[in-house]
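Structure, as structure tokens:
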Amino acid sequence: MDVLKTSQWMKRHARPLEYARWKYLFEGGERESVRDCLQAYQNDDGGFGHGLEPDYTMPYSSAIQTWSACRIINELNLPKEDPVVEAVVQYLINTFDEKTGLYQTVVPDMNQYPHAMHWHYEDGVQANWGYNPTVELAAYLKLWSADERSDIIVDQILTGAIEHLLTIETMNFHELNNYQQLLMLLKGQLPKEQQLHEKVTHLKESAFSKDPSTFGKTYQGLPMDVIEDQKDELYPKYESLIQAHCDYLSESITEEGICLSHGSGEGIKKLF
């Protein structure tokens, strides 16, 4: 992969946020540049909108856009005293739905703006999303807030999320990723932690395609969507499939140095 070509493409085409992240992660760029670009997507209520998730463009705050921001905040390791983080905490406190024990993943207003099909709101659609992204948002709330209200919210979320995880038979890789992040972010702080870890490992096996000929042709998870690095318990068992995933990504790189493919290339950075 020609990293120089990729860097040039990012300069020509990327949004300021993605280019700032590229520079921060690969070219020694400043953390503050990413933070400042991210803050441009934050609303007065502390949540995030304005197409931070590029495949839906609603300007208002939503849980899923705020989840995207939280991942970047965590990537930057911003202190919890940062005004961006403090505002996120207040948003999460103020928008939690006590009746459902969830943050609503999709909301009716999304339908009023251009969006990908999977973001379309209709009655009962939350059942398709489960604890995505609620369970991961609970982890950020616990890490970043000392407010007593946060403790009550986190306890309610974790009670429901743990029961959900331990009783479900299959789980798509998006929701599973949320649980993986929960286990990583709150390691040593969770009830039934070993049991949760074992169940996540079990669910991971059915969450990705094991046929390389289907890679990129469906929306099914791929090996590195759930197998995080070489320390993962499933890595030895699926090492050849992970290599096939790496090969698929390498073969998907265009002459301009970008990868037009399904799934996340995050695993390549972690594995190699």
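Of all residues in the stretch 102-116, which are in contact with a strand residue (DSSP E or B) (Cβ under 9 Å, 6 or more places away or on another chain), open to solvent by less than 60 Å² (accessible area, probe 1.4 Å) and part of a helix (DSSP H, G or I)?
The answer is Met110, and nothing else.
Of the conditions (1) open to solvent by 60 Å² or more (accessible area, probe 1.4 Å); (2) touching a helix residue (DSSP H, G or I) at 6+ places or on another chain (Cβ under 6 Å), Lys11 clears all except one; give me its number.
Status for Lys11: all satisfied but (2).
Take the conditions open to solvent by less than 30 Å² (accessible area, probe 1.4 Å), in a helix (DSSP H, G or I) and among the basic types (Lys, Arg) and apply them to Arg21. Does it pass? So that I can check it myself, show each step before the final result.
Values: open to solvent by less than 30 Å² (accessible area, probe 1.4 Å): no; in a helix (DSSP H, G or I): yes; among the basic types (Lys, Arg): yes.
Criteria not met by Arg21.
Table: residues versus (1) at pLDDT below 95; (2) among the small types (Gly, Ala, Ser); (3) open to solvent by less than 40 Å² (accessible area, probe 1.4 Å); (4) not in a loop (DSSP other than H, G, I, E, B).
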{"position": "Pro59", "(1), (2), (3), (4)": "no, no, yes, no"}
{"position": "Thr66", "(1), (2), (3), (4)": "no, no, yes, yes"}
{"position": "Cys70", "(1), (2), (3), (4)": "no, no, yes, yes"}
{"position": "Ile73", "(1), (2), (3), (4)": "no, no, yes, yes"}
{"position": "Pro79", "(1), (2), (3), (4)": "no, no, no, no"}
{"position": "Thr100", "(1), (2), (3), (4)": "no, no, no, no"}
{"position": "His118", "(1), (2), (3), (4)": "yes, no, no, yes"}
{"position": "Glu122", "(1), (2), (3), (4)": "no, no, no, no"}
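Going by the structure shown, is Leu52 crowded, with 18+ Cβ neighbours inside 10 Å, part of a loop (DSSP other than H, G, I, E, B) and free of Cβ contacts under 8 Å to residues at least 40 places away in the same chain? Show your work before the answer.
Working: crowded, with 18+ Cβ neighbours inside 10 Å: yes; part of a loop (DSSP other than H, G, I, E, B): yes; free of Cβ contacts under 8 Å to residues at least 40 places away in the same chain: yes.
Taking the combined requirement at face value, the residue satisfies it.
Does Val34 satisfy being in a helix (DSSP H, G or I), under 19 Å from Arg149 (Cβ atoms) and touching a residue at least 40 places away in the same chain (Cβ under 8 Å)? Break it down into steps so the answer makes sense when it comes.
Working: in a helix (DSSP H, G or I): yes; under 19 Å from Arg149 (Cβ atoms): no; touching a residue at least 40 places away in the same chain (Cβ under 8 Å): yes.
Against the criterion (in a helix (DSSP H, G or I), under 19 Å from Arg149 (Cβ atoms) and touching a residue at least 40 places away in the same chain (Cβ under 8 Å)), Val34 does not qualify.
Can you tell me which of Gln180, Gln156 is under 19 Å from Glu228 (Cα atoms) and not aliphatic (A, V, I, L, M)?
Working: Gln156 fails: under 19 Å from Glu228 (Cα atoms).
From the options Gln180, Gln156, the qualifying one is Gln180.
Among the residues of the stretch 235-264, how many are open to solvent by less than 10 Å² (accessible area, probe 1.4 Å) and closer than 18 Å to Tyr179 by Cβ?
0
Report the residue count in the stretch 65-94 for those that are in contact with a Pro (Cβ under 8 Å, 6 or more places away or on another chain) and without any contact (Cβ under 8 Å) to a residue 60 or more places away in the chain.
1
I need the full set of residues from the stretch 162-178 which are in contact with a helix residue (DSSP H, G or I) (Cβ under 8 Å, 6 or more places away or on another chain) and not charged (D, E, K, R), in order please. So that I can check it myself, show each step before the final result.
Taking the stretch 162-178 first, the residues in contact with a helix residue (DSSP H, G or I) (Cβ under 8 Å, 6 or more places away or on another chain) are 162, 165-166, 168, 170-171, 173, 175-178.
Result: Ile162, Leu165, Leu166, Ile168, Thr170, Met171, Phe173, Leu176, Asn177, Asn178.
Which residue pairs have Cβ atoms closer than 9 Å, lie 6 or more positions apart in sequence or on different chains, and pair a first residue in the stretch 114-132 that is touching a residue at least 60 places away in the same chain (Cβ under 8 Å) with a second residue that is surrounded by fewer than 11 Cβ atoms within 10 Å (Cβ to Cβ) and of a type in the set (Val, Ile, Thr)?
The qualifying pairs do not exist here.
Which residues, taken from the stretch 241-255, are part of a helix (DSSP H, G or I) and free of Cβ contacts under 8 Å to residues at least 60 places away in the same chain? Working first, answer last.
Step one: of the stretch 241-255, the residues part of a helix (DSSP H, G or I) are 241-251.
Within the stretch 241-255, Leu241, Ile242, Gln243, Ala244, His245, Cys246, Asp247, Tyr248, Leu249, Glu251 meet the criteria.
The values are calculated or read from the model by the stated rules, or taken from the named source; none is laboratory data. Remember, predicted model here, so these are calculated numbers, not experimental data. Using ideal geometry, Cβ is built from the backbone for each residue, glycine included, and neighbour counts are taken over all protein chains shown. All accessible areas refer to the heavy atoms of the entire protein, side chains included, with ligands and DNA or RNA removed. Shrake-Rupley method; radii C 1.70, N 1.55, O 1.52, S 1.80 Å.
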